[in-house]
1. Note down all Cβ pairs under 9 Å where the first residue falls in the range 80-99 and is more than 11 Å from residue 48 (Cα to Cα), the second is among the aliphatic types (A, V, I, L, M) and open to solvent by 70 Å² or more (accessible area, probe 1.4 Å), and they're at least six residues apart or on different chains.
2. Against the conditions (1) touching a helix residue (DSSP H, G or I) at 6+ places or on another chain (Cβ under 7 Å); (2) without any contact (Cβ under 8 Å) to a residue 40 or more places away in the chain; (3) assigned to a helix (DSSP H, G or I), where does residue 141 fall short? Just the number, please.
3. Taking the range 132-155, which residues are over 15 Å from residue 195 (Cα atoms) and not charged (D, E, K, R)?
4. If I filter the range 233-257 down to residues being open to solvent by less than 20 Å² (accessible area, probe 1.4 Å) and of a type in the set (Val, Ile, Thr), which single residue comes out as farthest from residue 205 (Cα to Cα)?
5. If we keep just the residues of the range 214-232 that are open to solvent by 30 Å² or more (accessible area, probe 1.4 Å) and assigned to a helix (DSSP H, G or I), which is farthest from residue 20 (Cα to Cα)?
6. Tell me the residue from 179, 192 that is open to solvent by less than 50 Å² (accessible area, probe 1.4 Å), part of a strand (DSSP E or B) and closer than 28 Å to residue 11 by Cα, please.
7. Can you name every residue in the range 259-280 that is within 25 Å of residue 148 (Cα to Cα) and either among the hydroxyl-bearing types (Ser, Thr, Tyr) or surrounded by fewer than 18 Cβ atoms within 10 Å (Cβ to Cβ) (or both)?
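The values are calculated or read from the model by the stated rules, or taken from the named source; none is laboratory data. These figures come from a predicted structure and were not determined experimentally. Positions of Cβ are generated from backbone atoms using ideal geometry, with glycine treated the same way; all protein chains shown enter the neighbour counts. Accessible surface areas use protein heavy atoms only, side chains included; no ligands, DNA or RNA. Shrake-Rupley method; radii C 1.70, N 1.55, O 1.52, S 1.80 Å.
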Amino acid sequence: MNIIAQKKSINCKGQIIDFSVPKIMGIVNITPDSFFQNSRCNSEKEIISRVSQMISDGANFIDIGAYSTRPGCDFVSEDDEICRIKFALNIISKEFPNALISIDTYRSKVAKISVEEYGASLINDISAGQLDNEMFNTIANLKIPYIAMHMQGNPQNMNKFINYNNFIKDIIEYFSDKINHLKNLGVNDIIIDPGFGFSKTIDQNYELLNNLSEFKILECPILVGISRKSMIYKFLETSPENSLNGTSILNTISVIKGADILRVHDVKQAYEVVKLCKKTGLLL
């Protein structure tokens, strides 16, 4: 494995984001079908209210998604995704011009429009370039930080791809290949997301969490997106709506094991997790 130099900060639109203390990314879904209903924002009033509250509660990034990628989700055309993204970014870029906006998309065209026309700050790709061959070159040309997530298959069929030769090693090698490819293209600001809930069983998700610190060998900031997911609510036999306590517990474990970004629906609670872990000296 070709290990790169340690990278514990990123350059985001000229702003250096230091991960000596974990950061919070708030989720805003411009979708009708995201698995957690309260994350859906489909009007100007809802978008402004949600983003404003997240920033007030301590969010460092706002992650905008226009295509629900929950297991078995409906396919959304590129034109529909672009329409939804433009609707949201027209509002957010005017109301919150200084916000660091992440775009949750695996399509290079959506990424290009979001950055060049609306000033988005980083791209969050669930497929790490696997679903659009132009994504890596686009990121290199845009000179923007990039979040690469681990997933096998696509959002419609990923639950069929849960077999691994060596679970943790396979995912680390997946990221090593992606990082080397991106570095060769001149992409310097790379964040990795192990992909909780994507192409993994409930037990595999907990194995991943238990071994999260192993991913520090890749020497990139680590994003954890565990908020209200089925690994919590199915295991506890409850619902996404009743999974905030479980989310806070697992976010605490994630931070202790080395997470640099928590991607969450509930910013205030995640901010408190980080603040308390820092106070107790538990941060790695």
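1. Short answer, once both residue conditions are applied: 99/55.
2. (1) is the only condition that residue 141 fails.
3. Across the range 132-155, the qualifying residues are 133, 135, 136, 137, 138, 139, 140, 141, 142, 144, 145.
4. First, the residues of the range 233-257 that are open to solvent by less than 20 Å² (accessible area, probe 1.4 Å): 240, 243, 246-247, 250-251, 254-255.
Filter once more, so that each one left must be of a type in the set (Val, Ile, Thr): 247, 255.
Working: 247: 13, 255: 16 Å.
That would be 255.
5. 230
6. Details: 179 fails: part of a strand (DSSP E or B).
When all the criteria are applied, what remains is 192.
7. 271
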